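Notes for the one structure printed next.
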Amino acid sequence: MQRPGVTTVLAALVALLATGCSSDGDGKLFDELKESSSSSASASAGAPRSSPSAPIRPAPPAKGSVKVVSTLTEGLKSPWGAATLPGGDLLVASRDEGTITRVDTKTGKQIAVGSVPGVSPGGEGGLLGLAISPTFASDRSVYVYFTTESDNRIARMLFDEDKPAGQQLGAPDTILRDIPKGVVHNGGRIAFGPDKMLYAGTGEVGETGLSQDRTSLAGKILRMTPDGQPAPGNPDADSLVYSLGHRNVQGLAWDSEKRLWAAEFGQNTWDELNLIKPGKNYGWPEAEGKAGKAGFVDPVAQWRTAEASPSGIAYAEGSIWMAGLGGERLWRIPLAGEEPSADPQSFLQDKYGRLRTVVATGGSQILLVTSETDTRGTPGPGDDKILRLEVK
């Protein structure tokens with residue numbers, strides 16, 4: 001169990017003062033302060049840092065709200081990864097069809113972008129995560145995480161919107177191969193961080209020992225350059241591994257202070273939201289949930305598996321928003337620094353079925369992708385959908 005840092009203690013103290021010492025007050029969110037040697041170690045290991053001179057931000061309210069503004073589009077097949085283009089439109093990956101679709105976020109119109117060669121769908125594998133290059137304006141690169149017949153891999157593809165629909169993707173340029181694959185627990189979420197490095201969440205593919213094996217890419221969060229090399233400042237200069245001891249990482253997001261958060265499936269007891277720090281061990285398979293075992297980092301929040309089975313996450317309005325597959329609901333986790341400022345709150349339970357991906361689009365707006373056509377849902381008319389939400 002990690003000890004609370006200076007930031008956590010200050011945030012909690014201000015929360016008590018702001019609410020007259022009420023135990024369920026809103027609190028205040030302090031920007032990261034320069035901590036002791038552990039924080040220095042994080043900085044030297046490449047963890048994105050916030051400025052200690054940044055203004056103090058108020059914590060979000062203990063209770064939030066969700067309003068479904070509209071259904072942006074529908075009729076998607078096995079949607080999984082999603083990423084926003086610089087102009088605001090959304091690219092969506094079909095896990096089982098191996099295709100990418102562009103969704104006009106003003107009209108909901110769908111345009112076929114193209115197929116990713118080599119995708120071998122099966123079980124929880126297929127075309128999974130999507131990410132847009134941070135230098136997209138100059139390199140026009142879209143990154144994909146996908147399952148082949150032999151492995152999981154990450155490739156980049158040129159996107160040329162001037163070509164005919166369905167033919168807008170160039171040939172894959174593989175930047176990382178030999179991530180272990182399985183029928184289950186293939187991970188798959190990828191995202192560029194504030195440091196412009198590419199992060200990837202992987203699963204242990206049902207072989208629990210791989211999570212603690214530092215030589216394996218399975219059961220890890222990886223951090224790499226856009227070319228697939230170990231990123232400068234990684235815990236081990238020659239390794240892609242940024243953190244280990246994960247079961248199946250499904251969601252990655254950064255908060256306003258550039259802290260990395262990750263959601264992952266537990267086994268039979270606890271699903272997790274973790275605050276990720278470089279080189280730390282998150283316990284699987286030796287620990288699940290808040291186990292308090294020496295040498296392992298406990299999650300900041302946990303859920304019974306029937307309530308969550310978490311997939312994608314996004315940060316908006318001071319909270320992490322987490323999609324639940326088995327739980328069929330959207331979770332809100334308000335943050336005060338490195339800790340939740342109030343209990344997680346659920347929305348939309350059993351209204352739209354399985355929920356796969358959350359995309360923050362600015363301010364109080366997020367997009368929510370359903371997952372009823374992934375072979376485990378019960379598809380209804382219009383499934384799968386993308387919902388436009390207003391959240392607080």
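The values are calculated or read from the model by the stated rules, or taken from the named source; none is laboratory data. What you are looking at is a predicted structure, and each value in this text was computed from that prediction instead of being measured. Ideal geometry is used to build each Cβ from the backbone, glycine not excepted, and the neighbour counts take in all protein chains shown. Only protein heavy atoms, including side chains, enter the accessible area calculation; ligands, DNA and RNA are left aside. Shrake-Rupley method; radii C 1.70, N 1.55, O 1.52, S 1.80 Å.
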Worksheet item: Mind checking which residues of segment 297-314 are closer than 19 Å to residue 283 by Cα and either among the charged types (D, E, K, R) or part of a loop (DSSP other than H, G, I, E, B) (or both)?
Response: 297, 298, 299, 300, 304, 309
Worksheet item: For segment 135-170, what are the residues that are under 17 Å from residue 99 (Cα atoms), open to solvent by 70 Å² or more (accessible area, probe 1.4 Å) and in contact with a strand residue (DSSP E or B) (Cβ under 7 Å, 6 or more places away or on another chain)?
Response: 158, 167
Discussion item. If a residue counts only when it is over 22 Å from the mean Cα position of the chain (by Cα), which strands (runs of 3 or more DSSP E) contained entirely in segment 136-230 have at least 1 such residues?
Written reply: 152-158, 173-179
Worksheet entry | One residue from 230, 299, 226 being crowded, with 23+ Cβ neighbours inside 10 Å and not hydrophobic (A, V, I, L, M, F, W, C) | 299
Worksheet, complete the sentence: Restricted to segment 112-134 and to residues being in a loop (DSSP other than H, G, I, E, B) and polar (S, T, N, Q), the residue most open to solvent (accessible area, probe 1.4 Å) is 120
Response to the item:
Note on segment 319-335: residues open to solvent by 10 Å² or more (accessible area, probe 1.4 Å) and in contact with a Gly (Cβ under 9 Å, 6 or more places away or on another chain) are 328, 331
Practice prompt. Could you please let me know if residue 266 is surrounded by fewer than 22 Cβ atoms within 10 Å (Cβ to Cβ), in contact with a strand residue (DSSP E or B) (Cβ under 9 Å, 6 or more places away or on another chain), of a type in the set (Gly, Ala, Ser) and over 19 Å from residue 190 (Cβ atoms)?
Written response: yes
Worksheet item: Going through segment 198-211 one residue at a time, which ones are crowded, with 22+ Cβ neighbours inside 10 Å and either among the polar types (S, T, N, Q) or touching a residue at least 40 places away in the same chain (Cβ under 8 Å) (or both)?
Response: 198, 199, 200, 201, 202, 203, 204, 211
Item to complete: Filter segment 231-242 down to residues that are within 17 Å of the chain's Cα centre (by Cα) and free of Cβ contacts under 8 Å to residues at least 40 places away in the same chain, then give me how many there are.
Response: 1
Worksheet item: Considering only residues of segment 371-392 that are in contact (Cβ under 8 Å) with a residue 60 or more places away in the chain and within 15 Å of residue 310 (Cβ to Cβ), which is surrounded by the most Cβ atoms within 10 Å (Cβ to Cβ)?
Response: 371
Worksheet item: Do you know which of the residues in segment 51-96 that are at pLDDT 95 or above, more than 28 Å from residue 125 (Cα to Cα) and hydroxyl-bearing (Ser, Thr, Tyr) is surrounded by the most Cβ atoms within 10 Å (Cβ to Cβ)?
Response: 65
Response to the item:
Reported set for segment 272-296 where residues are assigned to a loop (DSSP other than H, G, I, E, B), within 20 Å of residue 222 (Cα to Cα) and touching a residue at least 40 places away in the same chain (Cβ under 8 Å) is 277, 278, 279, 284, 285, 296
Worksheet item: Any idea which of (1) touching a strand residue (DSSP E or B) at 6+ places or on another chain (Cβ under 7 Å); (2) open to solvent by less than 20 Å² (accessible area, probe 1.4 Å) is the one residue 192 doesn't satisfy?
Response: (2)
Practice prompt. Could you tell me which residue of segment 336-349 is least open to solvent (accessible area, probe 1.4 Å), considering only residues that are part of a loop (DSSP other than H, G, I, E, B) and not polar (S, T, N, Q)?
Written response: 337
